[in-house]
1. Hey, among 127, 119, which residue is modelled with pLDDT of 95 or more, of a type in the set (D, E, K, R) and open to solvent by 50 Å² or more (accessible area, probe 1.4 Å)?
2. Return the residue satisfying two criteria in turn: it lies in segment 86-101 and is among the polar types (S, T, N, Q) and either assigned to a strand (DSSP E or B) or closer than 21 Å to residue 45 by Cα (or both), and of such residues it is least open to solvent (accessible area, probe 1.4 Å).
3. Mind listing whichever residues of segment 72-124 are among the hydroxyl-bearing types (Ser, Thr, Tyr) and in contact (Cβ under 8 Å) with a residue 40 or more places away in the chain?
4. Report, by residue number, each residue of segment 105-116 that is at pLDDT below 95, of a type in the set (D, E, K, R) and either buried (at least 19 other Cβ atoms within 10 Å of the Cβ) or assigned to a strand (DSSP E or B) (or both).
5. With respect to residue 35, determine if the residue is at negative phi, open to solvent by 80 Å² or more (accessible area, probe 1.4 Å), at pLDDT below 95 and of a type in the set (Phe, Trp, Tyr).
6. Within segment 56-75, restricting attention to residues that are in a loop (DSSP other than H, G, I, E, B) and of a type in the set (A, V, I, L, M), which residue is most open to solvent (accessible area, probe 1.4 Å)?
7. Yes or no: segment 42-55 includes at least one residue that is modelled with pLDDT under 95, surrounded by 15 or more Cβ atoms within 10 Å (Cβ to Cβ) and either farther than 24 Å from residue 125 by Cβ or not aliphatic (A, V, I, L, M) (or both).
Amino acid sequence: MQKKISKPIVGRLEKIDLPEFSISNLDAKIDTGAYTSSLHCHHIESYDKDGENWVQFYVLDPEHPEYEAKLFSCPVHTVRRVKSSNGQIQERFTIKRKVRFFGKTRTIELSLTDRSEMKFPVLIGRKFLTNKFLVDVSKKYLSPQ
């Protein structure tokens, strides 16, 4: 007999907040085909800080309404080889940050990449969704605001 588990249902697009970057109400594409979540950044550069690998970057593009031209920096969680949407393998820095999603603050691992050619600045992948949410691709913006 299967145990019934209640999980929130998310649509193919949802709104998220990135409080550590002072960004709210950002469109995120839910992508069960992607393992890792990603965030659109530019001028991504790594550096050494007290013997640790850190990364600095700007979030979003200057044309985006939430863009603040603020340089962020944080420790690198990992460097991963990721297959991009065009099939090419890229090495990407990943960071762990807080995200407010579906009324709760959680930790998310984000790969930093240039998503300027993509429609949405954030992609939420399976690693974040697994065992927490069900996805209904026929719906959008189901999060209680």
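The values are calculated or read from the model by the stated rules, or taken from the named source; none is laboratory data. These numbers come from a predicted model, not from an experiment. Positions of Cβ are generated from backbone atoms using ideal geometry, with glycine treated the same way; all protein chains shown enter the neighbour counts. These accessible areas exclude ligands, DNA and RNA; they are computed on the full protein's heavy atoms, side chains included. Shrake-Rupley method; radii C 1.70, N 1.55, O 1.52, S 1.80 Å.
1. Numbers: 119 fails: modelled with pLDDT of 95 or more.
Within the list 127, 119, the selection yields 127.
2. From segment 86-101, those among the polar types (S, T, N, Q) are 86, 88, 90, 94; that's our starting set.
Then drop every residue that is not either assigned to a strand (DSSP E or B) or closer than 21 Å to residue 45 by Cα (or both), which leaves 88, 90, 94.
Working: 88: 115, 90: 65, 94: 1 Å².
Looking at residues that are among the polar types (S, T, N, Q) and either assigned to a strand (DSSP E or B) or closer than 21 Å to residue 45 by Cα (or both), I get 94.
3. Going residue by residue through segment 72-124, those that are among the hydroxyl-bearing types (Ser, Thr, Tyr) are 73, 78, 84-85, 94, 105, 107, 111, 113, 116.
Passing the criteria: 94, 105, 111, 113, 116.
4. Restricting attention to segment 105-116, the residues satisfying the condition of being at pLDDT below 95 are 113-116.
Within this subset, residues satisfying the condition of being of a type in the set (D, E, K, R) are 114-115.
Answer for segment 105-116, where residues must be at pLDDT below 95, of a type in the set (D, E, K, R) and either buried (at least 19 other Cβ atoms within 10 Å of the Cβ) or assigned to a strand (DSSP E or B) (or both): just 115.
5. Working: at negative phi: yes; open to solvent by 80 Å² or more (accessible area, probe 1.4 Å): yes; at pLDDT below 95: yes; of a type in the set (Phe, Trp, Tyr): yes.
Taking the combined requirement at face value, the residue satisfies it.
6. Just the residues of segment 56-75 that are in a loop (DSSP other than H, G, I, E, B), to begin with: 60-70.
Restricting the remaining residues to those that are of a type in the set (A, V, I, L, M) gives 60, 69.
Working: 60: 1, 69: 65 Å².
Only one residue tops the list, namely 69.
7. Checked segment 42-55: at least one residue is modelled with pLDDT under 95, surrounded by 15 or more Cβ atoms within 10 Å (Cβ to Cβ) and either farther than 24 Å from residue 125 by Cβ or not aliphatic (A, V, I, L, M) (or both).
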